[in-house]
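*Asks:* The following block contains the structure, expressed as structure tokens.
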Amino acid sequence: MLTEPSNLDRDTWQTQLRQAVRNGRELLEILQLPDSVLGSGPEAASFPVFAPQPYLRRIQAGNPNDPLLLQILPKPDEDASQTGTADPLDEQAFQLAPGLLKKYQGRALLVVNGRCAIHCRYCFRRHFPYDTSPQATGAWDDSLSAIQNDPDIREVILSGGDPLTMTDASIGRLLDKLESIDRICRIRIHTRLPIVIPARITSELVDRLVHARPAVVVVIHCNHPNEIDADVERALGQLRRAGITLLNQSVLLAGINDDADCLTHLSERLFRCGVLPYYLHQLDPVRGAMHFQVPVEKGIRLVESLRARLPGYLVPRYVQEIPGRFSKTPLG
Ligand SMILES: *Cc1c(COP(=O)(O)O)cnc(C)c1O
Ligand code: SF4
């Protein structure tokens with residue numbers, strides 16, 4: 001018998017983004033959870049729920065401890081943990097132009113927009129002043145001139161928000177401009193979209209990335225093996241077959257992935273999708289997210305146990321970002 005594809009399978013990525021759940025109550029209803037698990041203080045309110053269907057359907061209904069749910073559900077803990085700051089990485093001090101950060105030699109990070117396809121509760125940019133970055137309106141001219149004028153910059157990292165929330169046409173225009181600067185030899189895209197809405201990996205996008213003059217590196221963000229279903233695997237396969245280097249970064253999160261079995265499975269699952277683990281980040285101490293923090297000693301033990309179980313190339317580098325250093329700081 002032929003089965004009809006579900007509506008979800010026919011929707012474009014833009015539709016899936018538009019139809020994302022943006023409200024805690026609705027999230028509880030869909031996942032059959034009691035009101036008591038939802039926080040409603042000022043932290044929860046300042047960073048509203050945002051989660052599209054393709055991600056939601058990987059969450060087990062009725063389970064308040066589902067590792068994917070915990071990444072998106074504002075919990076009462078958010079307002080209980082008032083340590084941490086609004087800008088833990090001191091990002092405002094490293095701007096070459098509004099929205100262009102240069103902390104390290106050879107590479108600069110362009111905050112292309114403030115839009116994400118999902119709101120992760122532990123996000124270190126949950127208080128970033130996106131509204132005052134000109135990138136909010138797609139005007140990159142000042143940043144592009146700053147890149148043009150700094151002979152040290154050879155790699156540009158597109159970050160956000162999430163650069164893949166831009167349309168293919170906007171991404172194409174930005175790549176055209178970056179490509180015209182001869183010195184730029186790598187373009188890196190930091191994105192969670194291949195995980196959150198795999199339909200975002202359109203053949204037009206893949207085609208444009210393949211034809212970019214600089215090498216393109218896509219760094220995805222995945223914290224738990226349950227985030228990777230068949231659709232995600234297909235999307236990553238498209239990028240991989242096109243010859244794009246694929247890396248993953250994760251954040252070490254209490255109650256979500258702070259366990260050696262989970263992290264081992266994650267590395268193996270990523271590898272089957274053509275992705276190598278890159279960084280495992282110690283949580284940045286951002287206000288409202290401190291209940292996710294794992295003690296560094298525990299993180300070091302976890303990574304030691306990954307080293308004992310996995311080939312070296314499947315062990316992520318456990319790092320912390322300490323403002324003022326020349327690179328991310330290795331922890332163990
Ligand atoms: C993390 C980061 C980078 C990238 O660092 P890599 O170690 O090359 O991955 C670049 N610029 C800024 C501002 C960053 O925060
Ligand atoms: S996708 Fe990245 S930038 Fe956006 S909320 Fe999640 S962690 Fe933050």
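*Asks:* So F94 fits all but one of (1) in contact with a Lys or Arg (Cβ under 6 Å, 6 or more places away or on another chain); (2) buried (at least 22 other Cβ atoms within 10 Å of the Cβ); (3) of a type in the set (F, W, Y); what number is the exception?
*Replies:* Condition (2) is where F94 drops out.
*Asks:* I'd like to check something: does the range 195-203 contain any residue that is modelled with pLDDT of 95 or more and at positive phi?
*Replies:* No: zero hits.
*Asks:* From the list L306, L302, L266, L276, which residue is surrounded by 18 or more Cβ atoms within 10 Å (Cβ to Cβ) and either within 20 Å of the chain's Cα centre (by Cα) or closer than 21 Å to D229 by Cα (or both)?
*Replies:* L266
*Asks:* Quick check on my filter: what residues within the range 92-128 are charged (D, E, K, R) and within 16 Å of ligand 2 (Cβ to nearest atom)?
*Replies:* Within the range 92-128, R115, R121, R125, R126 qualify.
*Asks:* So, of the residues in the range 247-263 that are within 16 Å of ligand 1 (Cβ to nearest atom) and surrounded by 22 or more Cβ atoms within 10 Å (Cβ to Cβ), which turns out to be farthest from V319 (Cα to Cα)?
*Replies:* In this case the residue turns out to be N248.
Matching residues to (1) modelled with pLDDT under 85; (2) away from ligand 1 (no atom under 16 Å from the Cβ):
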site	(1), (2)
P42	no, yes
P48	no, yes
Q60	no, yes
I72	no, yes
S81	yes, yes
A97	no, no
L100	no, no
A108	no, no
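*Asks:* Moving on to the next point. Say we look at the range 64-91 and pick out the residues that are surrounded by fewer than 17 Cβ atoms within 10 Å (Cβ to Cβ) and among the hydrophobic types (A, V, I, L, M, F, W, C); which of these is nearest to ligand 2 (Cβ to nearest atom)?
*Replies:* Among those that are surrounded by fewer than 17 Cβ atoms within 10 Å (Cβ to Cβ) and among the hydrophobic types (A, V, I, L, M, F, W, C), it is A86.
*Asks:* Across the range 83-93, which residue is farthest from ligand 1 (Cβ to nearest atom) among those that are within 30 Å of L174 (Cα to Cα) and in contact (Cβ under 8 Å) with a residue 40 or more places away in the chain?
*Replies:* Applying the filter and picking the extreme gives A86.
*Asks:* When the range 41-96 is examined, which residues are found to be in a helix (DSSP H, G or I), more than 30 Å from A146 (Cα to Cα) and aromatic (F, W, Y)?
*Replies:* Y55
*Asks:* Check S267 against each of (1) without any contact (Cβ under 8 Å) to a residue 60 or more places away in the chain; (2) part of a strand (DSSP E or B); (3) among the polar types (S, T, N, Q) and name the one condition it does not meet.
*Replies:* (2)
*Asks:* Can you name the residue in the range 124-145 that is surrounded by fewer than 20 Cβ atoms within 10 Å (Cβ to Cβ) and either under 21 Å from H281 (Cα atoms) or within 16 Å of ligand 1 (Cβ to nearest atom) (or both) and, of all such residues, is modelled with the highest pLDDT?
*Replies:* Among those that are surrounded by fewer than 20 Cβ atoms within 10 Å (Cβ to Cβ) and either under 21 Å from H281 (Cα atoms) or within 16 Å of ligand 1 (Cβ to nearest atom) (or both), it is R126.
*Asks:* Which residue is surrounded by the fewest Cβ atoms within 10 Å (Cβ to Cβ), if the candidates are limited to the range 148-165 and must be of a type in the set (D, E) and either more than 23 Å from the chain's Cα centre (by Cα) or away from ligand 1 (no atom under 11 Å from the Cβ) (or both)?
*Replies:* Among those that are of a type in the set (D, E) and either more than 23 Å from the chain's Cα centre (by Cα) or away from ligand 1 (no atom under 11 Å from the Cβ) (or both), it is D152.
*Asks:* Let me ask something else about it. Could you check G288 against (1) at pLDDT below 95; (2) over 30 Å from T85 (Cα atoms) and say which number it fails?
*Replies:* Result: G288 fails condition (2) only.
*Asks:* While we're looking at this one, here's another question. Report, ordered by the first and then the second residue, all pairs with beta carbons closer than 6 Å, sequence separation of six or more or different chains, a first member in the range 53-64 that is more than 22 Å from Q14 (Cβ to Cβ), and a second member that is among the charged types (D, E, K, R).
*Replies:* If the second residue must be among the charged types (D, E, K, R), the pairs left are I59/D66; Q60/D66.
The values are calculated or read from the model by the stated rules, or taken from the named source; none is laboratory data. Since the model is a prediction, treat every value here as computed from it, not as a measurement. Every residue, glycine as well, gets a Cβ built from its backbone with ideal geometry; the counts of neighbours run over all protein chains shown.
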